[in-house]
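Colleague: First, the structure itself, so that you have it in front of you.
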Amino acid sequence: MNKNTFRWAGALALALTAAIQAQTPDFLVNAFDSGDEVTSWTKWWGAAPQSYDWDSSVDANNSTSSGSLKVTVDFDVNAYGGDNQFSTSHYFGSSVDGTQYTNLVFDIRFDTNSPSRVQAQDYGYFEYGLIPSDYSQLYLGHLTVPVGSGGWTHVTAPIDPAIAKATNIIGVTIKMWAGDAGGDSKLTGSTVLWLDNVKLQGNTNTTPAPAPTAAIKIPRPGLTITASNPGDQYQRQNIVTANASSWVGATGPVTYSLTLTGFPDTNHTGFQAQIFLIPAATLPGETAPDYNEPNLIFLQISGNADGTAYASLHYKTNQPNGNAMVYNNNPDNGPVGSLGGVGSASPLGTWSLTFNNNTDITLTAPGGNTANFSLGADAAALFADPLYAYFGGQPNSLANIGQSIVISRVQITGTANPVDDSFTADTLDSNTWQLRAADPSGLVVVPANTAYQVTWTLPDYGYTLQSASSLKGTPWVDSTNSTVVVGKTKSAFVPSSSLPAARGGYFRLFKP
């Protein structure tokens with residue numbers, strides 16, 4: 001029997017054992033020995049025209065009885081803008097447990113006549129990964145091939161068994177985005193590449209796999225936003241208003257505010273909480289509207305190494321697919337979009353952005369410090385309704401992935417569609433909010449009646465959370481509390497009504 005046992009009303013005690021890891025054979029996705037293997041590789045998304053063909057004359061192993069998948073993508077950044085990209089998907093036909101495999105491996109080759117990035121001097125930012133059963137994407141890494149490299153590149157991409165959703169994989173995917181009209185990540189022309197020998201390498205390690213480790217804590221009620229998308233340091237994890245709410249033309253002051261009750265510690269500086277104000281004819285669908293949309297108001301709240309915090313206000317106008325204006329504070333470098341900011345003794349508390357009229361803005365920190373700014377009338381006019389408000393967080397470094405903020409309240413006052421949400425319900429109100437996140441599983445509402453949060457590491461194959469009021473004389477009962485997976489952990493939220501006893505009790509992870 002494998003189990004972790006811990007008492008919620010006293011010291012944490014863990015009993016850890018291990019399970020034997022069985023060997024898993026390789027799973028060959030495609031060697032492209034015949035043209036029949038190409039038919040399952042199809043366009044997933046991207047405006048750039050794409051074609052997928054079998055090329056019997058090109059093989060990574062120089063075999064005359066095999067070939068490869070030839071991918072042709074006609075990029076045009078002027079025609080397709082931010083959607084100047086391609087993505088292909090290949091489905092297995094049945095799901096596999098991705099945690100039983102150590103690597104995704106394949107061979108890739110670019111035609112040297114393919115368009116290239118000027119500064120990077122490569123053929124683009126090429127990404128690859130797995131497709132879970134919910135049709136999301138688990139990207140495992142990226143590749144940049146230098147210009148002039150016409151040979152094959154062998155790629156070995158490790159699969160972390162603790163990644164959320166890895167237990168149920170239905171396919172593989174490759175993609176490349178080239179829609180940065182204002183920067184170097186743009187391509188125009190026909191990219192030709194070949195893909196060969198795609199497989200999942202089976203786990204041959206027979207050493208014992210570690211049991212999950214568990215902990216228990218009293219959580220902070222509210223909306224917990226975790227940077228849970230693996231390998232994505234610039235992931236935006238946001239909620240966005242379902243209804244438009246602009247300050248432009250309002251009869252009085254309009255305020256957008258959020259209250260933070262949780263923030264990463266001083267070892268994780270650079271993590272930010274944010275408010276984006278985005279005008280759009282329809283509700284923006286992308287997760288990075290601050291970059292993709294042409295007009296933006298951006299409040300950035302960051303913690304400092306000494307525990308203090310600073311909020312800065314930025315904006316841009318008429319700059320889709322770029323952010324050069326957002327961070328510019330030098331008139332010699334073009335339009336200035338960095339307006340300044342205000343400090344606070346802590347990131348915790350309420351941060352407010354008040355538009356006193358169409359052009360005059362007051363930023364207020366939790367301790368009461370304020371700063372005042374102005375927009376030109378022409379710029380302000382670009383933010384008339386429909387305008388949507390995003391609230392969320394972003395890690396900004398790989399070291400901050402897995403960190404969280406907690407928003408306990410969001411308010412929008414003075415508009416035709418005011419908002420006042422303290423996130424006391426079990427889920428987000430779909431009449432008020434929509435998710436716009438790189439990994440939606442990282443946004444979790446902690447119910448107000450939650451007494452404890454039990455969290456354990458993944459993988460947890462075969463384990464069940466159980467509770468008992470005593471270690472002697474009482475049975476262990478399977479937990480019926482709902483669980484959520486965020487990054488590499490799973491959590492159960494235990495309400496007061498579900499505690500095993502009034503004054504004490506125990507939880508354990510049990511595996512027969």
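Values in this text are rule-based calculations from the coordinates and carry no lab data. Not measured: the values here are computed from a predicted model. Counting neighbours? That spans all protein chains shown, and the Cβs are built from the backbone with ideal geometry, glycine included.
Colleague: At a 10 angstrom cut-off on C-beta neighbours, averaged per residue, how do the peptides 192-202, 331-341, 86-96 rank from highest to lowest?
Modeller: Descending mean neighbour count gives 192-202, 86-96, 331-341.
Colleague: So what are the ³J(HN,Hα) numbers for region 150-158, from phi and the Karplus equation (6.51, -1.76, 1.60; θ = phi - 60°), rounded to whole Hz, Gly and Pro as x?
Modeller: 3J(HN,Hα) across region 150-158, in whole Hz: x, x, 7, 10, 8, 10, 10, 10, x.
Colleague: Now, a different point. For each pair in LYS488/LYS511; LYS217/LYS472; LYS165/LYS316; LYS70/LYS186; LYS217/LYS316, compute the distance between the two Cα atoms and list the pairs where it is over 31 Å.
Modeller: With Cα atoms farther than 31 Å apart: LYS165/LYS316; LYS217/LYS316.
Colleague: Quick one, can you get me the convex hull of the C-alpha atoms of region 343-411 expressed as volume per residue in Å³?
Modeller: Spelled out: Cα convex hull of region 343-411, divided by residues, is 140 Å³.
Colleague: Next question. What net charge is computed for the residues neighbouring TYR327, neighbours being all others with C-beta under 13 Å from the C-beta of TYR327, Lys and Arg scored +1, Asp and Glu -1?
Modeller: Summing Lys and Arg as +1 and Asp and Glu as -1 gives 0.
Colleague: How big is the gap, in Å, between the Cα center of region 406-443 and the Cα center of region 263-287?
Modeller: About 13 Å separates the Cα centre of region 406-443 from the one of region 263-287.
Colleague: Next question. Please list, in chain and number order, the residues 5+ apart from ASN328 or on another chain whose amide H is under 5 Å from its amide H, with Hs placed from the backbone.
Modeller: Result for ASN328 returns GLY337, SER338.
Colleague: With a cut-off of at most 16 other beta carbons within 10 Å, and DSSP calling the residue loop, which chymotrypsin sites (Phe, Trp or Tyr not before Pro) in region 309-418 qualify? Please list them.
Modeller: TYR327
Colleague: In whole Hz and in residue order, list the ³J(HN,Hα) couplings for region 50-57 that follow from phi through the Karplus curve 6.51 cos²θ - 1.76 cosθ + 1.60, θ = phi - 60°; x for Gly and Pro.
Modeller: 9, 9, 10, 9, 8, 10, 6, 8
Colleague: Using the Karplus curve 6.51 cos²θ - 1.76 cosθ + 1.60 with θ = phi - 60°, work out ³J(HN,Hα) for each residue of region 302-313 in order, rounded to whole Hz, and write x for Gly and Pro.
Modeller: 10, x, 9, 5, 9, x, 7, 9, 9, 10, 10, 10
Colleague: Seen from all sides and averaged, what is the projected area of the convex hull of the Cα atoms in the chain, in nm²?
Modeller: Directional mean of the projected Cα hull area for the chain stands at 26.9 nm².
Colleague: Would you mind checking which residues have amide H under 5 Å from ILE159's amide H? H placed 1.01 Å from N; only 5 or more apart, or other chain.
Modeller: Amide H neighbours of ILE159, under 5 Å, 5+ apart: ASN103, LEU104.
Colleague: Please state, to two decimals, what the Cα-based radius of gyration of region 428-512 comes to when divided by 2.2 N^0.38 Å (N = residues).
Modeller: For region 428-512, the normalised Cα radius of gyration comes out at 1.27.
Colleague: What net charge do the residues around LYS175 carry, taking every other residue with its C-beta under 11 Å from that of LYS175, with Lys and Arg at +1 and Asp and Glu at -1?
Modeller: Net charge in that neighbourhood comes out at 0.
Colleague: If we sort 252-264, 357-369 on the protection proxy, mean other Cβ atoms within 10 Å, highest first, what's the order?
Modeller: Output ranking for 252-264, 357-369: 252-264, 357-369.
Colleague: Another question, if that's okay. Amide H neighbours of ILE174 under 5 Å, counting only residues 5+ apart in sequence or on other chains, H built in-plane at 1.01 Å?
Modeller: Excluding prolines and chain starts, which carry no amide H, the hits are THR88.
Colleague: If you line up the Cα atoms of region 222-443 on their principal axes, what length do they span on each, largest first, in Å?
Modeller: 42, 41, 35
Colleague: Assuming 0.692 mPa s and 37 °C, estimate D for region 87-132 with Stokes-Einstein, Rh taken as the Kirkwood radius over Cα pairs, in µm²/s.
Modeller: Result for D is 238 µm²/s.
Colleague: Run through all the Cα pairs of region 22-107 and give the fraction in each 10 Å bin from 0, expressed as whole percent.
Modeller: It works out to 15, 36, 33, 15, 2, 0, in whole percents.
Colleague: Per residue, how much space in cubic angstrom lies within the convex hull of the C-alpha atoms of region 84-184?
Modeller: Here the figure is 112 Å³ per residue.
Colleague: In µm²/s, what is D for region 27-202 at 25 °C and 0.890 mPa s, where D = kT/(6 pi eta Rh) by Stokes-Einstein and Rh is the Kirkwood radius from Cα pairs?
Modeller: 149 µm²/s
Colleague: Right, something else. For region 64-120, restrict the atom set to alpha-carbon positions and state the Rg and Dmax in Å.
Modeller: Here Rg and the maximum Cα pair distance are 16.4, 44 Å.
Colleague: Do the sum for the chain: with -39,500 (n - 2.57) for every DSSP H run of n ≥ 4, divided by all residues, what is the mean residue ellipticity at 222 nm, to the nearest 500 deg cm²/dmol?
Modeller: Computed mean residue ellipticity for the chain: -500 deg cm²/dmol.
Colleague: Based on the Kirkwood radius over alpha-carbon pairs, what value in µm²/s does the Stokes-Einstein equation return for the translational diffusion coefficient of region 167-253 at 20 °C and 1.002 mPa s?
Modeller: Rounded to a whole number, D works out at 103 µm²/s.
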